[in-house]
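Below: the structure, in structure tokens.
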Amino acid sequence: MEYPSRLREIYDPPPVLYMAGEHQPEDERAVAIVGTRITSSYGRRMAKKFREALCAYGITIVSGLARGVDSVAHQTVLDNQGRTIAVLGSGLDRPYPYENRGMMRAISENGVVMTEQPFETGPDAVNFPQRNRIISGLSLAILVIEASERSGSLIAARCGLEQGREVMAVTGRILAGRNRGAHALLR
């Protein structure tokens, strides 16, 4: 497997990638779906609908295997036999959150799980902003669904803008705190 060409284009590409599964040429047509970890039923529906629509066009979905929007996006891909890439902020042997290890195995069978973190690296908070630059770097566009004002999803969006990617956000309930970051992007 060759190093993903889109990722090679970013300012700070990871020098090493550890992978479970195989990156395919069709994965160059990828869109990131990111959002809050504590999602509403609306956010889950939007993540599922956008993923199903993108899956119909053979688009690979990239996300971070986190709880909430990320998990819904990955699971919808798996349910529709599409391609997905999960980017971890830990080593491959220490997936986070731990309850998603079964999903990680399923993704590695029909997609790829990747990280720049070596084995035995735990899910340290400093690793996640770096992970987000990989998520956006692999993608043509980043779609933000339900993000608070201090959401890691906004880091992925900012990285995407710096990398020349399209950044999109889904509107949500105006007074819901989990939507303030997405609304700020739209402004």
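The values are calculated or read from the model by the stated rules, or taken from the named source; none is laboratory data. What you see is a predicted model; the values in this text were computed from it and never measured. Neighbour counts are summed over all protein chains in view; Cβ atoms, including those assigned to glycine, are modelled from backbone coordinates with ideal geometry. Calculation scope for accessible area: heavy atoms of the full protein, side chains included, ligands and nucleic acids excluded. Shrake-Rupley method; radii C 1.70, N 1.55, O 1.52, S 1.80 Å.
Based on C-alpha pairs under 8 angstrom that are at least 6 apart in sequence, the chain has a relative contact order of 24 percent. Taking the DSSP beta bridges with both ends in the chain, the antiparallel portion is around 15 percent.
Accessible area per residue for the chain is 48 Å², calculated with a 1.4 Å probe on protein heavy atoms, without ligands, DNA or RNA.
Mind ranking 161-171, 112-122, 67-77 by how tightly packed they are, going by the mean number of other C-beta atoms within 10 angstrom, highest first? Provide the component values of the computation, followed by the final result.
On the way: 161-171: 16.8, 112-122: 18.6, 67-77: 24.8.
Result, highest mean Cβ count within 10 Å first: 67-77, 112-122, 161-171.
Which chymotrypsin sites (Phe, Trp or Tyr not before Pro) from the range 1-105 combine a DSSP loop assignment with at most 15 other Cβ atoms within 10 Å?
Numbers: sites: Tyr11, Tyr18, Tyr42, Phe50, Tyr57, Tyr98; in loops: Tyr11, Tyr57.
Answer in residue order: Tyr11, Tyr57.
Tally Lys and Arg at +1 and Asp and Glu at -1 over the other residues with C-beta under 15 Å from the C-beta of Arg101: what net charge comes out? Please list the in-between numbers first.
Working: positive: Arg67, Arg94, Arg105; negative: Asp70, Asp93, Glu99, Glu109.
Local net charge: -1.
Each other residue within a Cβ distance under 10 Å of Thr60 adds +1 if Lys or Arg and -1 if Asp or Glu, for a net charge of -1.
List the GluC sites (Glu not before Pro) within the range 11-89 that fall in a DSSP loop (any state other than H, G, I, E or B) and whose Cβ has at most 16 other Cβ atoms within 10 Å. Could the numbers behind the result be given before it?
Numbers: sites: Glu22, Glu26, Glu28, Glu52; in loops: Glu22.
Sparse-neighbourhood loop GluC sites (Glu not before Pro): Glu22.
Element breakdown for the chain at a 1.4 angstrom probe: carbon and sulfur atoms account for 51% of the accessible area.
Springs join every pair of Cα atoms under 10 Å in this Gaussian network model of the chain, and among Ile61, Ile107, Ile85 the largest mean-square fluctuation is at Ile107. Here the Gaussian network model covers the chain, with springs between Cα atoms less than 10 Å apart; of Ile135, Ile155, Ile145, Ile155 fluctuates the most.
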